[in-house]
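See below for the structure under consideration.
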């Protein structure tokens, strides 16, 4: 049986290998999100990531991609904090506004713990994630 840190690391490494995130060394966006969550809360940070332009595309698309990876982690059956059929950050936002404050705290805490791993793995050297 894996512990929660192993699950976080496994999911973060998979996300780092499959996703591309903008910023310095490919991880600048990922490094900004924990601060956004601390200052604005999970719902505020999600609202920023889900903001759309007039043409219905995401204004902050790279942030949206990171929150999609967070959602995938939270939906992992071994973590099981979000039971949403969706795969977009919008679905996480819809879930976050409907749950209790205790559940929101748990989701926020897990998202922050996951981001601690993801930010380590998305920094790249020669285009390859650190392992």
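The values are calculated or read from the model by the stated rules, or taken from the named source; none is laboratory data. Model, not experiment: these values are computed from the prediction. Here Cβ is always computed from backbone atoms with ideal geometry, including for glycine, and neighbour counts include all displayed protein chains.
Tabulated data
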| item | result |
| --- | --- |
| Condition check for residue 91: over 12 Å from the mean Cα position of the chain (by Cα) and surrounded by 15 or more Cβ atoms within 10 Å (Cβ to Cβ) | yes |
| From the options 16, 9, residue that is surrounded by 15 or more Cβ atoms within 10 Å (Cβ to Cβ), at pLDDT below 90 and either within 19 Å of residue 110 (Cβ to Cβ) or more than 12 Å from the chain's Cα centre (by Cα) (or both) | 16 |
| Residue among 117, 121 that is modelled with pLDDT of 90 or more, crowded, with 17+ Cβ neighbours inside 10 Å and within 21 Å of residue 16 (Cβ to Cβ) | 117 |
| Residue among 28, 41, 61, 86 that is under 24 Å from residue 9 (Cβ atoms) and surrounded by fewer than 17 Cβ atoms within 10 Å (Cβ to Cβ) | 28 |
